[in-house]
Amino acid sequence: AQYISADARLLSPAPDFLGVREAAAMPLVTITAWEGLERAGVKEGDKVLIHGGAGGVGHIAIQLAKVRGAEVFTTVSSPVKEKIAADLGADHTINYRNVGVADYVNEMTGGAGFDVVFDATGGGNICS
């Protein structure tokens, strides 16, 4: 369709520097990350673990948690994704293919655990 009917209060022009696809995706991942971190009460000094730091929601969550003053830890699956997450502001990257959950929790937090665990990936992560 070329036209749709929509409530004008819910619309916003796309920035010139984004393509239509990127502009359409931005609100979805940003609102998801924002709401999750807001509901978790992330604040300055919190140790926040973000699963999937190079993914759609995760890469936004890293940046928003940093703005809130958190120390950000993130799980990724490859060295390339470690670099992406670090470039976005993650303080610590964890390649989950090389280290188990208990091991990285003990190593990164001295066994105390994270203040917040943000998981927008779902699936098996929630069970472990």
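Remind me, relative contact order of the stretch 2-92 in percent, using alpha carbon pairs under 8 angstrom and six or more residues apart?
In percent, rounded to a whole number, it is 23.
Take Asp87 and Val117, extend 7 Å from each Cα along the Cα→Cβ direction, and tell me the distance between the two endpoints in nm.
2.9 nm
Measuring with a 1.4 Å probe in the full set of protein chains, what accessible area per residue, in whole Å², belongs to the stretch 1-77?
Here the residues of the stretch 1-77 average 65 Å² of exposed surface.
What residue among Asp46, Asp16, Asp103 shows peak mean-square fluctuation when the chain is described by a Gaussian network model with Cα springs under 10 Å?
Answer for the Gaussian network model of the chain: Asp16.
If you stretched the chain out fully between Arg97 and Ala24, how much longer would it get, using 0.36 nm times the residue separation minus the C-alpha to C-alpha distance?
The Arg97-Ala24 span can extend by a further 23.1 nm.
Just subtract the alpha-carbon distance of Leu11 and Gln63 from 0.36 nm times their residue separation and send over the number in nm, one decimal.
16.3 nm
Taking the Cα centre of the chain as the origin, how large is its charge dipole in debye, to the nearest 20, when only Lys and Arg (+1) and Asp and Glu (-1) carry charge on their Cβ atoms?
Result for the chain is approximately 200 debye, rounded to the nearest 20.
Looking at the square roots a ≥ b ≥ c of the eigenvalues of the Cα gyration tensor of the stretch 62-104, which shape do they give, rounded for a/c under 1.5, prolate if a/b is larger than b/c, or oblate?
Judged from the Cα gyration tensor, the stretch 62-104 comes out oblate (a/c at least 1.5, b/c at or above a/b).
Jot down the radius of gyration and Dmax of the chain, Cα atoms only, both in angstrom.
Considering the chain through its Cα atoms, Rg and Dmax are 16.5, 56 Å.
May I ask you to list the lysines whose Cα is less than 20 Å away from that of Lys43, ignoring any residue fewer than eight positions away on the same chain?
Lys66
The values are calculated or read from the model by the stated rules, or taken from the named source; none is laboratory data. Treat the numbers as computed from the prediction; the structure is a model and nothing was measured. Because the Cβ atoms are built from the backbone with ideal geometry, glycine has one as well, and the counts that use them run over all protein chains shown. These accessible areas exclude ligands, DNA and RNA; they are computed on the full protein's heavy atoms, side chains included. Shrake-Rupley method; radii C 1.70, N 1.55, O 1.52, S 1.80 Å.
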